[in-house]
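S.K.: Structure in structure tokens, see below.
The values are calculated or read from the model by the stated rules, or taken from the named source; none is laboratory data. Since this is a predicted model, take the numbers as computed values, not measurements. Ideal geometry is used to build each Cβ from the backbone, glycine not excepted, and the neighbour counts take in all protein chains shown. With ligands, DNA and RNA removed, areas are computed over all heavy atoms of the protein, side chains included. Shrake-Rupley method; radii C 1.70, N 1.55, O 1.52, S 1.80 Å.
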Amino acid sequence: MRILFNHNISGAADLIKLMRGARPDLHVIATHERRDTPIALEADRLLPEPPETRLMSPDAYAGWLLQIAIVEGAELVLPYRRREELAGFRDWFSARGIRLLTASDSNTMAFLEDKPLFLGRMKADGVPVTPFRRFEGVEEYERLRAEGELFPDHPGHLCVKPASGIYGAGFRIIRDELPAMAPLSGLSTLELPDVAFRAILGALRRPEPMMLMPFLEGLERSVDFSCHEGRLLGTVTRVKAGTSQRLLHDPYGEELAQFVAQTFRLTGILNLQTIEDTGGTQRLMEVNTRASGGIGMTGLTDVNLPALLLDAIDGTKSNLPARVTGEIQAARRELFWSV
């Protein structure tokens, strides 16, 4: 099989490695803006993705990527960059005998990536979610804070994060008051005084949708899962613990992944995240329409999520989702290579 990845996060190197572990004859072509991406270590062929492709119209970019796929003889295209837009051009690729694989259609993917909309839907379906209040700009934020105790069942610090985004970009813990004589070096990089956050919001020319939430300090889980046309193929749950993570089978994580995959008829290597409240209830935080940056850790288990997806595409599916046996403690090590 010949697979084409467009510009992707560095974790795609792990994704490719897992695929090739199950299919040694796999041929991978990747496009990327930088030659020094770790993806270069795993791809058979690395092609440039010029920065100007960011400025292309959706149809122009889809045409550019399709041409690459045709020239390289790709049978399957797994997009990361502009995947929501590309989902609208799947028929262009299928007309040339190429499958463009996205989690779903453009509208569904946009819905899933909008955290307030998605969590609101899940709450309506009876799924415990992290409590939140949506706001835009300093005036809406100040109105919320003026309401008093917003989350009486979850006392403590508040936190904020953008309504959409990756890697926790923009996440901050809001400190209403700083300890007396606290030096700047005493603050975590994730902490922000309320007065400073208000100043930042007030200085923004174009406020972005954000979420105000209680800061929950319970166990955080990341559930990597493979699914095909709404059917769950397998899961690996990673329980975050400081600088290491525990990899195991979590029945609730599987149940949640199954519900999300089936509800939205999803396909791909995807990810969802939960966090425990003080009562020990796992609360859904978000779902990602892409593989997570930690997908490589799942390769330490006996469940190969990317291989399950490739098998399903070829028509081979198990009756039950694949489950991790045992438990593994894992940590990340820096990688060095010459370019």
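S.K.: If Ser106 meets every condition in (1) surrounded by 17 or more Cβ atoms within 10 Å (Cβ to Cβ); (2) of a type in the set (Gly, Ala, Ser); (3) farther than 25 Å from Ile166 by Cα apart from one, which number is that one?
M.R.: Of everything listed in (1) surrounded by 17 or more Cβ atoms within 10 Å (Cβ to Cβ); (2) of a type in the set (Gly, Ala, Ser); (3) farther than 25 Å from Ile166 by Cα, Ser106 misses just condition (3).
S.K.: Give me a count of the residues in the range 66-94 that are open to solvent by less than 50 Å² (accessible area, probe 1.4 Å) and either within 23 Å of Asp44 (Cβ to Cβ) or out of contact with any Ser or Thr (no Cβ under 7 Å at 6 or more places or on another chain) (or both).
M.R.: 17
S.K.: Here is a follow-up. Checking the structure you have, find out if any residue of the range 222-229 is open to solvent by 20 Å² or more (accessible area, probe 1.4 Å) and under 19 Å from the mean Cα position of the chain (by Cα).
M.R.: Step one: list which residues in the range 222-229 are open to solvent by 20 Å² or more (accessible area, probe 1.4 Å), which gives 229.
Remaining after also requiring under 19 Å from the mean Cα position of the chain (by Cα): 229.
Yes - at least one qualifying residue is present in the range 222-229.
S.K.: Something else: Under 7 Å by Cβ, and 6 or more places apart or on different chains, what pairs join a residue from the range 116-142 that is without any contact (Cβ under 8 Å) to a residue 40 or more places away in the chain with one that is open to solvent by less than 30 Å² (accessible area, probe 1.4 Å)?
M.R.: Sorted first by the residue in the range 116-142, then by its partner, the pairs are Lys123/Val129.
S.K.: Conditions first: (1) closer than 16 Å to Ala12 by Cβ; (2) assigned to a helix (DSSP H, G or I). Ala60 passes all but one, so which condition is the exception?
M.R.: Result: Ala60 fails condition (1) only.
S.K.: Further question on the same structure: Given the conditions (1) touching a Ser or Thr at 6+ places or on another chain (Cβ under 9 Å); (2) under 23 Å from Arg265 (Cα atoms); (3) open to solvent by less than 40 Å² (accessible area, probe 1.4 Å), report the number of the one that Arg121 does not fulfil.
M.R.: Condition not satisfied by Arg121: (3).
S.K.: I've got another one for you. For the range 100-120, give me the residue count where each residue is within 15 Å of the chain's Cα centre (by Cα) and within 21 Å of Ile3 (Cα to Cα).
M.R.: 3
S.K.: Okay, moving on. Looking at Gly280 and the list (1) of a type outside the set (A, V, I, L, M, F, W, C); (2) at pLDDT 95 or above; (3) out of contact with any helix residue (DSSP H, G or I) (no Cβ under 8 Å at 6 or more places or on another chain), which single condition is not satisfied?
M.R.: Going through the list (1) of a type outside the set (A, V, I, L, M, F, W, C); (2) at pLDDT 95 or above; (3) out of contact with any helix residue (DSSP H, G or I) (no Cβ under 8 Å at 6 or more places or on another chain), Gly280 breaks only (2).
S.K.: Any residue in the range 89-107 that is assigned to a strand (DSSP E or B) and over 25 Å from Phe264 (Cα atoms)?
M.R.: No: zero hits.
S.K.: On the given criteria, is Glu149 under 23 Å from Asp277 (Cα atoms), more than 23 Å from the chain's Cα centre (by Cα), free of Cβ contacts under 8 Å to residues at least 40 places away in the same chain and open to solvent by 80 Å² or more (accessible area, probe 1.4 Å)?
M.R.: On the way: under 23 Å from Asp277 (Cα atoms): yes; more than 23 Å from the chain's Cα centre (by Cα): yes; free of Cβ contacts under 8 Å to residues at least 40 places away in the same chain: yes; open to solvent by 80 Å² or more (accessible area, probe 1.4 Å): yes.
Considered against the rule, which asks whether it is under 23 Å from Asp277 (Cα atoms), more than 23 Å from the chain's Cα centre (by Cα), free of Cβ contacts under 8 Å to residues at least 40 places away in the same chain and open to solvent by 80 Å² or more (accessible area, probe 1.4 Å), Glu149 comes out as yes.
S.K.: Return the only residue of Gly296, Gly315 being in a helix (DSSP H, G or I) and open to solvent by 20 Å² or more (accessible area, probe 1.4 Å). It would help to see each step written out before you state the result.
M.R.: Numbers: Gly315 fails: in a helix (DSSP H, G or I).
Being in a helix (DSSP H, G or I) and open to solvent by 20 Å² or more (accessible area, probe 1.4 Å) holds for just one of Gly296, Gly315, which is Gly296.
S.K.: If I go through the range 298-339 residue by residue, how many of them are free of Cβ contacts under 8 Å to residues at least 60 places away in the same chain and of a type in the set (A, V, I, L, M, F, W, C)?
M.R.: Counting residues in the range 298-339 that are free of Cβ contacts under 8 Å to residues at least 60 places away in the same chain and of a type in the set (A, V, I, L, M, F, W, C) gives 3.
S.K.: Condition check: open to solvent by less than 30 Å² (accessible area, probe 1.4 Å) and part of a loop (DSSP other than H, G, I, E, B). Does Ala169 satisfy that? I'd like the intermediate steps shown before the answer.
M.R.: On the way: open to solvent by less than 30 Å² (accessible area, probe 1.4 Å): no; part of a loop (DSSP other than H, G, I, E, B): yes.
Criteria not met by Ala169.
S.K.: I'd like to know if the range 212-222 contains one or more residues that are of a type outside the set (Ser, Thr, Tyr) and under 20 Å from Leu305 (Cα atoms). So that I can check it myself, show each step before the final result.
M.R.: Quick first cut of the range 212-222, residues of a type outside the set (Ser, Thr, Tyr) only: 212-221.
The next check asks that each one be under 20 Å from Leu305 (Cα atoms); those that pass are 221.
Yes, the range 212-222 has at least one match.
S.K.: Moving on to the next point. Please verify whether Leu335 is buried (at least 20 other Cβ atoms within 10 Å of the Cβ) and over 19 Å from Ala110 (Cβ atoms), treating the condition exactly as stated.
M.R.: Working: buried (at least 20 other Cβ atoms within 10 Å of the Cβ): no; over 19 Å from Ala110 (Cβ atoms): yes.
Spelling it out, it is not the case that Leu335 is buried (at least 20 other Cβ atoms within 10 Å of the Cβ) and over 19 Å from Ala110 (Cβ atoms).
S.K.: Here's a follow-up. Looking only at strands (runs of 3 or more DSSP E) that fall completely inside the range 235-292, which ones have 2 or more residues that are on the phi > 0 side of the Ramachandran plot, open to solvent by 10 Å² or more (accessible area, probe 1.4 Å) and free of Cβ contacts under 8 Å to residues at least 12 places away in the same chain? Explain how you work it out, then say what you get.
M.R.: On the way: elements: 244-248, 268-276, 282-288.
Where strands (runs of 3 or more DSSP E) fall fully within the range 235-292, none carries at least 2 residues being on the phi > 0 side of the Ramachandran plot, open to solvent by 10 Å² or more (accessible area, probe 1.4 Å) and free of Cβ contacts under 8 Å to residues at least 12 places away in the same chain.
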